[in-house]
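Below is one structure; the comments refer to it alone.
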Amino acid sequence: MPASLERGAGGERAFAARLLDPDCAAPRGLRVPAGGSADRRFSVYRNNVAVGLVATLAARFPVCRRLVGDAFFDAMASLFALQSPPRSAVMSAYGEGFPAFVAEFPPACGLPYLADVARLEVALGRAYHAADAEPLGPAAFGRFPQGAWGELVVGLHPSVNLVASPHAIVSLWETNTRDATVRPVAVAQAEDALVVRPHLAAAVSVLPPGGHAFLSALATGVPLARAAEEAAARVPAFDLAANLVILFRSGVAATARIGAAPL
Amino acid sequence: MQPPTMPPIPNPARPNGHGRVPARAGAGLKPEHYAEIVETRPDLGFFEIHAENYMGAGGPPLAWLTRIREAYPLSLHGVGLSIGGEGPLDAAHLDRLRELNRRFEPGLFSEHLAWSTHEGKYFNDLLPLPYNADTLARVVMHIDQVQTRLGRTMLLENPASYAEFEASTISEVDFLAEIAARSGCGLLLDVSNVYISGINNGRDPGAYLDAFPMRHVGEIHLSGYAEDEDGGIPLLIDAHVARVSDPVWPYYRRALARCGPVPTLIEWDNDVPAWAVLHADVRRADAVLREAAGLSDHARVA
Amino acid sequence: MRNNLTPHLIAATALATAFSAALTVAASADDKPTEKCYGVALKGQNDCAAGAGTSCAGTSKKNYQGNAWKLVPKGTCEATVTPTGKGSLSPVASR
C-alpha cells in the first residue's frame, strides 16, 4: 500500500463528509487513470446527491415551489438537504421536516403561510402512501339505532391527515395546483384542511368550522357525542351537521362501533 | 471457454422459482406509464421496479403494481440497501424487501455493488467502494445476509464509475467473480455501466466483457447515458435519460455472444418518454436477443 | 377532563337531529361517483440514475450559504396572495 495513502483512505467517512460540503475538494485516494481531475469526478457524485435530494423535495412540495419560484425553492431545498439528509432509503417519506425548516427560514419570512402549505403537501404525501381500507359510507352509519349515535366510536381512515392553519392554505393549494394563471386568494382567511384518500385518489378539502377539533377528537377514540362536545367547547362556531356530512361521505371513516362492540 | 448457451446445470443466476423472467427484453416500470400499460397490455418480457418506490403501506403504487404483476413477470431491483457499505445492513429495510418479495413473487431480485448509507444518512445515490480483500469480505457477508433473509439468491450489479480508488487491489471483474463464487449470488451485467466506466477510467469495455464471469449473469441492463467532459476528456454520466446509447449496442451483442440470451432491461429513469418510445428500445433489444438465440442454436447445431 | 367540568354544549336531541339530517344529505350526495379513479400518479423518487450530470446546479456554493442569501421569492406568491400576506414583515409563526 503506498505510503501516501492515509489510514482509511477510500473509506466512506471521508467520502460521505465531502458529499454534503460543497467547499471541500475530493477525498484523498481517488485515481483517474484516464487523466481527468479527481475533484471533477468527485463532483459528479456530490452533484448527483444534491440534485437528487432537491428533486425529491421539488416533487413532494410542488405548490411551495410554484409559490416561491424554482430558483428560490431549489436553493432553500438544498440547504435543507445538507442540514437534514434522509435517514431512510424510502424517499417517498423524505421531507417530513421540511415545513419546520421553512417556518424558521429567514428569507421566507415574508410568506408566513408557506410553512403551512408545506405541511399540507406533507399530508398529501402521507395520504398517498397510507394503508388501504374500505371507507364507511352513510348506509353503514344509518344502520346504527338512533339511541346509539352518541356512543359511536369511529375509526378514521388510515389516509386521513388534518392540517390546521390561520391561512387560506387549501385555496392557495388549489389555485396553484389547478390553475395555469393563479387566482387571488385572501390569505388571512383561516382554513383547516382535510386530506383523505378513501380509494386511490387523494382529495383535499376545507373542513367546516370545528372540523379539525371534531375529527382530532374522534381520532383519539372518544365516542361521537363527546368528540362533538370537545369541538363545541374549543370552537364556538362548531357546525355538527356539516361535520357529520363530511364524516359520512368523504371516506374519512373506516370503522364504527358502539362502545366496545364491533360493527 | 464458456459455452455459447445456458449451461444445463442448476444455476443460481437463473432460478426456476415462481414468476420466472424470460430471456426477453423488459422495461423499467414508471408511474407515467401505469395506465397505458394496463389498458394496452404491450408485448414485452417483464417489468422491473425499484423496490424502494413500493415500500409505502398502500395507495396507488402498490395497487397499480398488483394489476401489472397479474399480467407480467416482475424483476425487483433494490437501489438503497447499501450492500457495499461499511456499516451493517438496515434490518428494517431488509424486512421491507422481504415483504415485497413475498407479496409480488418477482422472478429476479437484484441490488448494486455500491453504498448509499453512512452512519444513518442516506444519500440516494450509488456510491463507489475500493476493491480489496477487506471490502470483498464485507460485501460477501452482506450478500449472505440478504440471501438468507430473503430466502433466495440475488443478482449483484456492476456500477458506473467516475473514478477509481488507490486502495483497490483487485479488478472489478475479478472482484465480482469472487463475490459470486463465495456467496453463490448471480450477477447483473449492466453493459452501459461497463461502457461508461471504461470510457471514464480509460479501460477497454471489450476486455472487461471478455473477462466477465458470464456463467453467473442472470440479467443485463441497458440505458442511455449523458455526455460531458473533464478537461477535454470525455466524461459519461449514467443518467438513464435517453434511448440506449449507440456505442452500447455492439457491446451488448458481444456480451450475449458469450452468455447467451438473458433477460434484458431497458432503464429510463429521467425525462421519461412516451411509452411507445421506451417500448421501441425494448423491441430493439428483443431483436438482438432473438438474433443471439439464433446464433446460439446455430452454434449448437454446428 | 373538560367534559366533566363544563355543561353539555350539545343536547342529545340536537345530536340526533344533526345526525339524521347529515345521513340524508350524505346519502343523497353519495351516488356521485367520487374517488373511483386512480388519481394522479406521484413519481417514485428512488432511482439509480445520476441526475443532472456534472453541471453545477446542485453544488453552486452561493446556493448553500445562508449568510450570503440574495434570492427572493419569484413565484406565484405575489399574484395569488391578497391582501395581507404579500410583503408582510411579521416574523414567521412557528407552530
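A few notes on this one:
- C-alpha long axis of helix A:240-249 to longest principal axis of chain A, angle in °: 60 degrees
- Rg over Rh for the stretch A:1-111 works out to 1.08, both radii taken from alpha-carbon positions and Rh defined as the Kirkwood radius.
- Once the Cα atoms are used to define both axes, helix A:169-178 deviates from the longest principal axis of chain A by about 70 degrees.
- By accessible area, using a 1.4 Å probe on protein heavy atoms only, the stretch B:162-260 has 49% of its surface on carbon and sulfur.
- Proximal lysine pairs, the protein assembly as shown, alpha carbons under 13 Å, eight or more residues apart or interchain: 4
- Using only alpha carbons, the stretch B:25-301 has a radius of gyration to Kirkwood radius ratio (Rg to Rh) of 0.94.
- For chain A, the fraction of alpha-carbon pairs lying more than 26 Å apart is 54 percent, rounded to a whole number.
- On the principal axes of its alpha carbon atoms, the stretch A:105-209 extends 54, 27, 27 Å, with the longest extent given first.
- Fraction of alpha-carbon pairs over 43 Å apart in the protein assembly as shown - percent: 32 percent
- When chains B and A come together, the accessible area they lose, probed at 1.4 Å and totalled over both chains, is close to 4000 Å².
- Where trypsin sites (Lys or Arg not before Pro) fall in DSSP loop in the stretch A:21-130, at most 15 other Cβ within 10 Å: A:28, A:87
- Helix A:38-60 axis, angle to chain A major axis (alpha carbon atoms, nearest 10°): 10 degrees
- For the stretch B:118-265, the alpha carbon positions stretch 43, 38, 27 Å along the principal axes, listed from largest to smallest.
- Relative contact order computed over chain B (Cα-Cα under 8 Å; 6+ residues apart), in percent: 21 percent
- FRET efficiency for the residue B:38 to residue B:246 pair, using the beta carbon distance and R₀ = 35 Å, is estimated at 0.60.
- Here the calculated FRET efficiency for residue A:237 and residue C:28, from their Cβ-Cβ distance with R0 = 35 Å, stands at 0.90, rounded to the nearest 0.05.
- Kirkwood estimate for the stretch B:219-302, i.e. one over the average of 1/r between Cα atoms, Å: 14.0 Å
- With the largest listed first and rounded to whole Å, the semi-axes of the equivalent ellipsoid of the stretch A:132-263 from the Cα gyration tensor are 28, 17, 10.
- Shape of the stretch B:47-136, Cα gyration tensor, a/c cut at 1.5: prolate
- Sites residue C:12 and residue A:183, calculated FRET efficiency, Cβ-Cβ separation with R0 25 Å, nearest 0.05: 0.05
- Annotation for the stretch B:101-157 versus the stretch A:94-120: alpha-carbon center distance of 36 Å.
- Spin-label pair residue A:146-residue A:206: with each label point 7 Å from Cα along the Cα-Cβ axis, the two points sit 3.4 nm from one another.
- The slack between residue B:70 and residue B:133, meaning 0.36 nm per residue of separation minus the straight C-alpha distance, is 18.3 nm.
- Helical segments meeting 18 Å axial Cα length and Kyte-Doolittle 1.0 threshold in chain B (DSSP H): none
- Using every pair of separate Cα atoms, the Kirkwood estimate puts the hydrodynamic radius of the stretch B:148-199 at 12.3 angstrom.
The values are calculated or read from the model by the stated rules, or taken from the named source; none is laboratory data. Given the structure is predicted, the values throughout are model-derived calculations rather than measurements. Ideal geometry is used to build each Cβ from the backbone, glycine not excepted, and the neighbour counts take in all protein chains shown. When the accessible area is computed, the model is the full protein with side chains, heavy atoms only, and any ligands, DNA or RNA have been set aside. Shrake-Rupley method; radii C 1.70, N 1.55, O 1.52, S 1.80 Å.
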